[in-house]
Amino acid sequence: MKKFLREKINNLFATSKRTKRETKIKENIDFEFRFVNQMEM
């Protein structure tokens with residue numbers, strides 16, 4: 001499920017123009033994923 005979400009998010013950013021704001025949002029999403037992964041370990 002998480003892998004599916006990550007691919008969906010990555011696809012959204014791949015198809016849209018990468019603005020500074022989008023890059024910032026993607027970094028925040030990546031941070032959230034790392035945080036969740038650490039909590040599950």
Arrange Glu40, Glu27 by Cβ neighbour counts within 10 Å, fewest through most, would you? Glu40, Glu27
What distance in nm separates the two pseudo spin-label positions at Arg6 and Lys26, each 7 Å out from Cα along the beta-carbon direction? 1.5 nm
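Read-outs: derived from the displayed coordinates by stated rules, not from any lab. Nothing here was measured: the structure is a model prediction, and the numbers come from that model. FYI the Cβ positions are ideal-geometry reconstructions off the backbone, even for glycines, and counts take in every protein chain you see.
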